[in-house]
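First up is the structure itself, then whatever we jot down about it.
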Amino acid sequence: MSFDLGMFYEIPVPAPWNPRSEYDAYHNVVAQAVLGEEVGFSHFWTVEHHFLSEFSHCSAPEVLYGFIAAKTKRMKIGHGVRLLPFPYNHPIRVAEMSAALDILCDGRLEFGTGRSSTRAELEGFGIDPQQTRDLWEEALRIVVGAWTEETFEWQGKTFQIPKRSVHPKPIQDPHPPIWMATSSPEGHAVAGKLGLGLLSFTIGVPPAELAFRIQLYRDALKEAKPIGKFVNPRAAAFTMVHCADTDEQAKREAAESVVWYFKKSISLIGSLAAWQEGKELGSYSYTAGLKDMSLDSFSFELLDDMDAIIVGSPEKCIEKVNKYKEAGIDQLLCLLNPYNIPHKSVMRSVELLGKHVIPAVR
């Protein structure tokens, strides 16, 4: 099985904003994606986030993917992820939009799914954290049925859908590969048990710890009862990646963004535990340890020493990417602009990664 490097984006928009801030952010991402395909990146992924000012302005990924599909020919296009707990997205609309995208991109869609893990988003859409896993699973089963059954109906806990023909159907037969995003060890096992590809979104986790989580996934995969029509056995993990001509230049360009993103991510995820203070956290129990975490001690040097980031010259990046590869993943999702790395520097990073790193680690 091949080892791939994928592009991964939150689409941050640093303040202060001007009337073209979001315009520039989106069009810069498109230019980077086009170059990424040219130099050998296998996938283009983005998140779906809401209300997270500066951190991520990527609230309508399906629109962006249609634009990227028209600009590219080979690169897989991945929801990283489509949020399934209702009312983020109604599962029938999810099935329709993703099938239309799969048709327009000639079967290049990778369908990543998730629940969300921040107070701003869950509270903003009126979603009870205690219900998100059940909501996610029910919605995903509906999506698979809508994709694959000529006429579909559903009588469930949240949705009652009378018999209908759902159009269009995806071009991939029987449907696009399905993935699940998770940040907890428990979630890695859930992805395996359901036969889903793994999107391991574990901020600040070094390769040694990642290897343990990947093994949890692989072990569970052996007993998979797939929620889709087939098992997707691939595992991907993300980290922040920036490549420059020298280690010193890479650090100079990326250090502020790397530290900002790490601290902001911890704060956002910890906000869920603070919001639910005194309540059972259930499948979000991993957030409890983040609520009161002291972030002052986290520096670029610490994250670099932990191998929790990949920032440096091509030689250094190759060395670090190989550590992630040895952890057992099939794809590394490269978060190429955590916050405010200049577009020109990101383009150079993409170029260097394509010229030197991708050929060396495949």
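The values are calculated or read from the model by the stated rules, or taken from the named source; none is laboratory data. Model, not experiment: these values are computed from the prediction. Note: ideal-geometry Cβ built from the backbone for every residue, glycine included; neighbour counts use all protein chains shown. With ligands, DNA and RNA removed, areas are computed over all heavy atoms of the protein, side chains included. Shrake-Rupley method; radii C 1.70, N 1.55, O 1.52, S 1.80 Å.
Peptides 66-77, 174-185: what's the order by average Cβ count within 10 Å, highest mean first?
Ranked from most to least packed, the peptides come out as 174-185, 66-77.
Quick one: among VAL258, VAL47, VAL205, which has the greatest mean-square fluctuation in a GNM of the chain with alpha-carbon springs under 10 angstrom?
Result: VAL205 has the largest fluctuation of those listed.
Mind checking which of GLN155, LEU332, TYR284 is farthest towards the positive end of the chain's charge dipole, using Cβ charges of +1 (Lys, Arg) and -1 (Asp, Glu) about the Cα centre?
GLN155
Counting pairwise Cα distances across region 1-90, what percent come out greater than 17 angstrom?
51
Just to be sure I follow the definition: excluding the sites themselves, where is the longest run in the chain that has none of the GluC sites (Glu not before Pro) in a DSSP loop with at most 16 other Cβ atoms within 10 Å?
55-148
Taking the chain as a Gaussian network, Cα atoms linked when under 10 Å apart, which of PRO61, PRO226, PRO85 shows the biggest mean-square fluctuation?
Per the Cα network of the chain with a 10 Å cutoff, PRO226 tops the list.
Sequence gap at least 6, Cα distance under 8 Å: using those rules, report the relative contact order of region 114-185 to the nearest whole percent.
Relative contact order, region 114-185: 25 percent.
Any idea what the relative contact order of region 1-138 is, in percent, if you count C-alpha pairs under 8 Å spaced at least 6 apart?
Computed value for region 1-138: 23 percent relative contact order.
How large a share of the accessible area of the chain, in percent, is made up of carbon and sulfur atoms when the probe is 1.4 Å and the other protein chains stay in place?
C and S atoms contribute 52 percent here.
Would you kindly derive the ³J(HN,Hα) couplings of region 97-105 from the backbone phi angles with the Karplus curve 6.51 cos²θ - 1.76 cosθ + 1.60 (θ = phi - 60°), listing them in order in whole Hz, with x for Gly and Pro?
5, 5, 5, 4, 5, 4, 5, 5, 9
Between beta-carbons, use under 13 Å as the cut-off and find the net charge around LEU335, counting Lys and Arg +1, Asp and Glu -1.
Result for the local shell: 0.
Quick one: go through region 252-286 and flag any residue whose amide nitrogen is under 11 Å from the point 7 Å out along the Cα-to-Cβ line of MET306.
From region 252-286, the list is 262-263, 266.
Ignoring everything except DSSP H segments at least 4 long, calculate the 222 nm mean residue ellipticity for the chain; use -39,500 (n - 2.57) per segment, divide by total residues, nearest 500.
After summing the helix terms and dividing by the residues of the chain, the value is -13500 deg cm²/dmol.
Applying the Karplus parametrisation 6.51 cos²θ - 1.76 cosθ + 1.60 with θ = phi - 60° to the phi angles of region 250-263, what ³J(HN,Hα) value in whole Hz is obtained for each residue in order, glycine and proline being reported as x?
4, 5, 4, 7, 10, 4, 4, 5, 4, 5, 4, 5, 4, 5
Report, by chain and number, residues whose modeled amide H sits under 5 Å from the one on GLU54, excluding near sequence neighbours (fewer than 5 apart, same chain).
Those lying under 5 Å, H to H, from GLU54 are VAL13.
Two-decimal Rg/Rh of the chain from alpha-carbon positions, Kirkwood Rh?
For the chain, the value is 0.94.
Angle between the Cα long axis of helix 61-71 and the longest principal axis of the chain, 0 to 90 degrees, nearest 10?
Rounded to the nearest ten degrees, it is 70.
Counting Lys and Arg as +1 and Asp and Glu as -1, what is the net charge of the other residues whose Cβ lies under 11 Å from the Cβ of ASN89?
Once positives and negatives cancel, what remains is -1.
Take every DSSP beta bridge with both residues inside the chain and express the antiparallel ones as a percent of the total, to the nearest 5.
10
Along the principal axes of its C-alpha atoms, what lengths does region 24-159 span, in descending order and rounded to whole Å?
46, 40, 18
Viscosity 0.692 mPa s, temperature 37 °C: Stokes-Einstein D of region 248-362 from its Kirkwood Cα radius, in µm² per second?
206
Would you pull out the residues with amide H under 5 Å of LEU109's amide H, same chain only if 5 or more places away, H placed 1.01 Å from N?
ILE77
Enumerate the amide H contacts of TRP154 below 5 Å, restricted to partners 5 or more residues apart or on another chain; note that Pro and chain-start residues carry no placed amide H.
Result for TRP154 returns ILE161.
Summing Lys, Arg as +1 and Asp, Glu as -1, what charge do residues with Cβ under 11 Å from the Cβ of ALA224 carry, ALA224 excluded?
Combined, the nearby Lys, Arg, Asp and Glu give +2.
Relative contact order for the chain: what is it in percent, counting Cα pairs under 8 Å that are at least 6 residues apart?
21
Over all directions, the average projected area of the alpha-carbon convex hull for region 147-224 comes to how many nm²?
Average projection, Cα convex hull of region 147-224: 7.1 nm².
Kindly express, to the nearest 10 degrees and within the range 0 to 90, the angle between helix 21-39's C-alpha long axis and the longest C-alpha principal axis of the chain.
The answer is roughly 80 degrees.
Please report the Cα spread of region 225-306 along all three principal axes, rounded to whole Å, starting with the longest.
46, 40, 17
Cut-off 10 angstrom, C-alpha nodes, Gaussian network model of the chain. Which of SER271, SER285, SER116 fluctuates the most?
Comparing SER271, SER285, SER116 in a Gaussian network model of the chain, the most mobile one is SER285.
Looking at region 122-281, what % of its DSSP beta bridges pair antiparallel, to the nearest 5?
If I count the DSSP bridges inside region 122-281, around 30 percent turn out antiparallel.
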